[in-house]
1. May I ask you to say which residue of Gly161, Gly142 is of a type in the set (Gly, Ala, Ser) and in contact with a strand residue (DSSP E or B) (Cβ under 6 Å, 6 or more places away or on another chain)?
2. Within the stretch 112-129, does at least one residue satisfy the condition of being at pLDDT 95 or above and under 18 Å from the mean Cα position of the chain (by Cα)?
3. Can you pull out the residues in the stretch 220-231 that are within 13 Å of Arg200 (Cα to Cα) and either out of contact with any Leu (no Cβ under 6 Å at 6 or more places or on another chain) or of a type in the set (Phe, Trp, Tyr) (or both)?
4. Considering only the stretch 243-282, state which residues are touching a residue at least 60 places away in the same chain (Cβ under 8 Å) and of a type in the set (A, V, I, L, M, F, W, C).
5. When residues of the stretch 437-449 are filtered for being within 10 Å of Val484 (Cβ to Cβ) and buried (at least 24 other Cβ atoms within 10 Å of the Cβ), how many remain?
6. Where in the stretch 134-251 are the helices (runs of 4 or more DSSP H), entirely inside, with at least 1 residues that are buried (at least 24 other Cβ atoms within 10 Å of the Cβ) and in contact with a His (Cβ under 9 Å, 6 or more places away or on another chain)?
7. Here's a check for you: in the stretch 407-425, which residue that is part of a strand (DSSP E or B) and surrounded by fewer than 19 Cβ atoms within 10 Å (Cβ to Cβ) is modelled with the highest pLDDT?
8. Could you tell me whether any residue of the stretch 64-72 is on the phi > 0 side of the Ramachandran plot and surrounded by 22 or more Cβ atoms within 10 Å (Cβ to Cβ)?
Amino acid sequence: MVPGYRELRQLGAGRTGRVFLATYEATGAYVAIKHLNATLRRDAEFMDRYRSDTHRLVDIDDPHVVRLYEYVETSGRAALVMELVDGVTLRTLLTEHGRTSPEAALAVLKSTLLALAAAHERGVPHRDVKPENILVQADGTGKLADFGVVVHAEAPGVPAGTPAYMSPELWTHHRAGPPADLYAAACVLFEAVRGRPPYRTHQEEPDVSALRERHLEAPVPLEVAPDTLRDLLKRGMAKDPATRYASARQFAAEVEEDAVAGYGPDWEKRGRRHLAELATSLALTFPLARTEQQVSAGAGLRDRAVRVPRLPPQLWVAGATVAAAALAIMVSGGRLPPGPGTILIPPPETRTEPGTAATQPAEPPPTPRPARSTRDAATTTARPSATASGRAPTSPPPASRSVAPPVPSPARSPVTSTPVPSVRSAAIARWNGKAGAIRVAATGPGPVRLRIAYTRRDGDGGAVRTLREETRVLRGKTAYTSEVTHAPGDVGCGGSAYLGLVVMTEPAAANGPQVYEVAVRGPECTFPPTPSGSPDPTPTSGPSASGSPQYATPSGPGEALVPASPALDDVDVGDG
């Protein structure tokens with residue numbers, strides 16, 4: 001355990017170590033803690049280099065880089081306290097879906113190159129760029145992780161790194177630097193769009209010597225790549241590092257230029273949208289998709305209602321079917337305006353709500369800037385007195401759930417001179433399947449467009465249907481509470497239905513789209529008495545739900561239990 005943090009559960013394990021979901025005890029903020037494995041700890045060369053790099057790593061504050069908050073080392077432990085990214089690795093996406101669209105592959109490459117540029121300009125190479133170290137969030141944005149954390153391949157004489165992405169100079173001279181990172185990034189581009197690395201062997205286990213020869217001598221397989229990507233791959237994977245791009249930033253600029261020429265000015269929006277679709281379909285694998293407490297199968301429904309923890313609304317993407325409903329709204333006919341993670345649905349009906357609709361302010365607590373420090377069990381180094389930007393840091397790590405993209409700067413509305421505010425948060429405050437409330441907090445009184453969709457799926461395996469979509473315009477205040485009602489129809493006897501609410505805003509809220517689903521059971525079926533020899537009785541609807549409430553079964557982790565009675569007792573699900 002790292003002092004000051006509480007580890008909740010293991011998120012994953014690999015050749016470099018194990019990663020745990022944890023909370024910072026002082027604030028409850030979520031973080032990820034990576035414990036380096038014994039192989040790395042016994043590698044004196046690695047440990048010396050990593051200790052010297054740590055001071056520069058904690059100073060990298062870039063939206064495309066997974067932040068390193070602290071490095072803690074004792075005689076028996078070396079651990080990294082990092083930003084928690086609620087998403088999946090590019091490797092997971094490719095394993096599940098095979099490949100991405102060219103625009104999505106270019107969007108991944110661009111974010112990776114911008115992350116490399118931020119690190120290279122501080123003298124820190126990555127050393128192991130590969131799909132396992134690229135994280136894709138629910139809004140399609142990417143982050144690069146594990147700078148400097150690299151192990152040797154399990155073969156004699158092979159330098160540290162992953163053979164499928166290692167540059168010629170890394171194979172021959174063990175030179176790991178910015179040019180090698182650019183080569184690996186180009187290999188990732190090829191794999192994202194083709195579903196396989198550029199060079200591979202036909203054996204079940206990789207033949208390291210054969211891979212070495214291919215990276216050193218084989219031409220880049222441009223003939224199987226899309227035309228728009230060929231120049232980027234040819235130069236990015238050049239055998240001579242001097243022939244490659246001069247820097248990651250220059251490579252990113254070429255990506256932008258070629259992508260606009262090949263796919264139009266909106267290429268990145270489409271790419272992110274595709275990545276968001278692929279990532280959100282795997283929502284159950286996100287680090288925060290599971291509750292800290294697992295509900296036992298034998299517990300009664302009322303017991304389970306008590307034991308389900310209260311989670312922020314953005315963690316309630318409890319099942320892939322709910323995610324599919326959100327995606328259907330995002331993708332079908334939607335457009336993606338400027339700003340990372342902005343998701344819109346087609347405008348059906350619009351109504352304006354005055355600022356008097358605001359009740360309790362729904363402003364989230366401010367997100368403190370994280371500490372930047374390197375600690376040792378014997379000697380704790382002093383925290384810097386100021387960050388790289390000149391602002392004094394605060395001691396706690398970032399506030400809980402600080403995984404949303406940066407809020408775009410205010411723009412001007414094309415219709416009015418009133419500035420369009422940023423949306424600080426959107427939250428589903430209540431929802432029982434038929435009625436509820438949505439709270440929105442903005443930075444100014446300018447117009448905010450609220451998009452709402454009501455969904456339903458019948459039974460555990462039923463398809464998600466969008467029952468209704470509506471748009472509301474909020475203006476005049478900075479905090480709003482908007483009531484929602486919808487009649488989803490009856491639930492047949494013995495059956496169940498899952499009623500969902502999908503909420504998005506324009507501009508996009510900092511905490512992203514909100515999805516919440518509740519399960520409602522129909523009345524029990526009764527069998528009327530029949531004379532002897534008559535056919536099997538047909539079930540008929542039993543007593544209505546006007547009696548005791550029928551408690552619904554949760555469809556996924558974090559889902560509240562609500563009465564399925566016509567009384568529509570509101571269930572308070574928090575502000576997020």
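1. Sole residue among the options that is of a type in the set (Gly, Ala, Ser) and in contact with a strand residue (DSSP E or B) (Cβ under 6 Å, 6 or more places away or on another chain): Gly142.
2. Looking for residues that are at pLDDT 95 or above and under 18 Å from the mean Cα position of the chain (by Cα), one finds at least one in the stretch 112-129, hence yes.
3. Of everything in the stretch 220-231, just one residue is within 13 Å of Arg200 (Cα to Cα) and either out of contact with any Leu (no Cβ under 6 Å at 6 or more places or on another chain) or of a type in the set (Phe, Trp, Tyr) (or both), namely Pro221.
4. Matches in the stretch 243-282: Ala248, Phe251, Ala252, Val255, Ala259, Trp267, Leu275, Ala276, Leu278, Ala279, Leu282.
5. So the count comes out to 1.
6. 168-173, 178-194
7. Within the stretch 407-425, the match that is modelled with the highest pLDDT is Pro419.
8. no
The values are calculated or read from the model by the stated rules, or taken from the named source; none is laboratory data. Given the structure is predicted, the values throughout are model-derived calculations rather than measurements. With ideal geometry, Cβ positions are generated from the backbone for all residues, glycine too; neighbour counts draw on all protein chains shown.
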